[in-house]
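The values are calculated or read from the model by the stated rules, or taken from the named source; none is laboratory data. What you see is a predicted model; the values in this text were computed from it and never measured. Here the Cβ is made from the backbone with ideal geometry for all residues, glycine too, and neighbour counts use every protein chain on show.
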Amino acid sequence: MRVLEEDLRNGYIRILVEDIDDLWILFMVLRKGDIVYARTSREVKPGEGGSSRRIPMVLGLRVEAIEFQEFTEKLRIRGIVVEGPEEFGVKGHYHTIAIGVGDQLAIVRETWSKHSLDILKKGVRRRRILLVSIDYDSACIAVLTEQGVKHHSEIQSDLPGKMYRVEHEEILDEYLSKVASALNNVIQQEEIDAVIIAGPGDLKNKLGENIRRDNRKHVYLDTTSTGGCQGISELLGRDVVKQVVGDLSIVKAKEVVEEFKRLIIKDPQLVAYGVDDVYGAVVYAAVSRIVVAGDLLHEPDDERRARVYEILEKAYETGAEVIIVPGKSDVGLEVQGFGGVIAVLRYRLFRGEHSP
């Protein structure tokens, strides 16, 4: 989750949803009476006798109900339209906005409680993604954080014409070496989680090989029409950024699963698994980290699904790290083998201490 804008004096917070975990945080934070603004579409009839058509628009709703849409990763927010385009006469009518990963929404509430703000802040992940856009003219280096994009530097190639072939190759090697050195410095200074290298030609591939060799970082390659800082702007609009954020959650989940498997053999009182067992642990505020397979959120049994929701809510309230992964991913399938949810505990719980 990224907080794009915050004005608590006027009760206003604007948020970018980065992964499914964020949708669950919003599910717990949103409440009846909130005003939510988001881009949506609505079927309207423009004029007398005209055929109706679906038109994109930004609407403000007074929230009446919030739910997860079954079998999709969408949060459905239903309410009465309080603000929208006057020409379509939508004010006062009911509407449902579907919020998914990559969407933005603004929430307006008269008074934000410390509890709600704490849950939102826990959802802001300290991810740092290094962005590089390179071509034969220049390379631009920037870092994407929750606060936005911070440009570090732009390096010019100063390449001579290809008619000076030997000199051209030497200066090209120096250029790539200079860019790689600058990237390695940023990686060390900024605690980078992943690197995205983009550009129109094959320089990104050569640079990617250098970075993979020198660092144990996840390096992604993508194609843009230009290098330099203009290429960074183009890169930010591509799906690869969303993919990287999702992959980082998977990587973190794998780390938790490996720790869980190690502890279940060496110190089983420090883990819990399955809905009932994890619920018992989270009630005691014993959970440190928890991984949930997404399929568990769509559990057909109402009572069992409600228990899963309780686990998530109590985990966030008690400061546990919560990671939700796709049920069909490798790590998700592994978690499903343990009942769909696993937890690493803060302290030992003997099974007689909590009832399932």
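Scanning the range 223-255 for residues that are over 18 Å from the mean Cα position of the chain (by Cα) and assigned to a helix (DSSP H, G or I) yields 228, 229, 230, 231, 232, 233, 234. Would you check if there is a residue in the range 297-305 being under 22 Å from the mean Cα position of the chain (by Cα) and crowded, with 16+ Cβ neighbours inside 10 Å? So far as the range 297-305 goes, yes, one or more of its residues are under 22 Å from the mean Cα position of the chain (by Cα) and crowded, with 16+ Cβ neighbours inside 10 Å.
Among the conditions (1) out of contact with any Pro (no Cβ under 9 Å at 6 or more places or on another chain); (2) modelled with pLDDT under 85; (3) not hydrophobic (A, V, I, L, M, F, W, C), residue 294 misses just one, which is (1).
If you check residue 172 against the conditions, is it at pLDDT 90 or above and either surrounded by 15 or more Cβ atoms within 10 Å (Cβ to Cβ) or within 22 Å of residue 245 (Cα to Cα) (or both)? No. Against the condition of a type outside the set (A, V, I, L, M, F, W, C) and closer than 17 Å to residue 12 by Cβ, how does residue 127 come out, does it pass? No; evaluated as a whole, the condition is false for this residue.
Applying the criterion of at least 1 residues that are more than 16 Å from residue 30 (Cα to Cα) to the strands (runs of 3 or more DSSP E) found wholly in the range 67-115 leaves 75-83, 94-99.
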